[in-house]
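Here's the structure, in structure tokens; my notes come after.
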Amino acid sequence: MKKMRFLAICVIAVLATMNVKAQFATGADIVSSYVWRGISQGTTHGGTPNFQPTLSFTTGGLTIGSWGSGSFDGEIKEVDLYASYVFSPSFAITLTDYNYGFAQPKGYFYYGKGTDHLYEATLAYTGPKTFPLGIAVNTMFAGSDTLSNGKAAFSTYAELNYPITDNVKVFCGASVLKSNANVYNTSGFAITNIGIKVSKSIVITDKFSLPLYGILGANLSNKYYDGTTKPTSLYFVAGITL
């Protein structure tokens, strides 16, 4: 709790010293199923539609916000918090606090031993317009991502993405450490998320369009962390952005 209070004080201090225009924003997606980095969420294997709202506050290059997901069957109740800073159009860093509320027996704000919170640091780079390759490296550094001896596992996921056109993007992501058992359920390096995303905007009126997207992807990882074989999975997600 002391660490969280110190972080909150630092954020307030930064905001107090910034003389820039601040902006609040909110939005939401409705998705046909919830798939995260190639891994279906929930015991229904992501087959239930989810409502995924967002709320953010931006001042200068700093954004503080929350992202959530709630399944239509009531099983998934996820609320994540994050802080992101954009240093330039090419480079950004993000800290994320993941929490699956349905799995937290001691309440959302329990941060002690055995917490269900997962803390992740992300470094993201986007190339210039002449070669707009996106690269992101995501590492869990604290929380429930631990080894059998109780030490941090530092589970890491890296992803490349490239826009083929304005509305078509291809991507390839992998679990890159042998210790990724808890988060990605893999044995060593494994491609867990490869596919294509296509977006389209349907014009409803002169002033309103409905953004739609479809994602076709696959998890190519063929072994669980214990070395046993697992089948390759294919997924398709359709989404609406409100």
### Task
Give me the aspartates and glutamates in straight-line cross-link reach of K169: C-alpha distance below 13 Å, same-chain residues under 8 apart excluded.
E159
### Selection from V86, G112, G74, by position along the positive dipole direction of region 61-116 (Cβ)
G112
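Quick check: residue separation of F24 and Y85 times 0.36 nm, minus the Cα distance between them. What number comes out in nm?
Working it through step by step, the gained length comes to 20.4 nm.
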### Task
Tell me the label-point distance for the pair A121, T44, using the 7 Å Cα-to-Cβ offset, in nm and rounded to one decimal.
3.8 nm
### Query
In sequence order, what are the phi-derived ³J(HN,Hα) couplings for region 62-72 according to the Karplus relation 6.51 cos²θ - 1.76 cosθ + 1.60 with θ = phi - 60°, rounded to whole Hz, with x for glycine and proline?
9, 10, 10, x, 9, 10, x, 8, x, 7, 5
### Query
On average, how much accessible surface per residue is there in region 77-163, in Å², for a 1.4 Å probe, leaving out ligands, DNA and RNA?
55 Å²
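The values are calculated or read from the model by the stated rules, or taken from the named source; none is laboratory data. On a predicted model such as this, the values are computed, not experimentally measured, just so you know. Note: ideal-geometry Cβ built from the backbone for every residue, glycine included; neighbour counts use all protein chains shown. Each accessible area value is taken on the protein alone, full model and side chains, heavy atoms only, with ligands, DNA and RNA left out. Shrake-Rupley method; radii C 1.70, N 1.55, O 1.52, S 1.80 Å.
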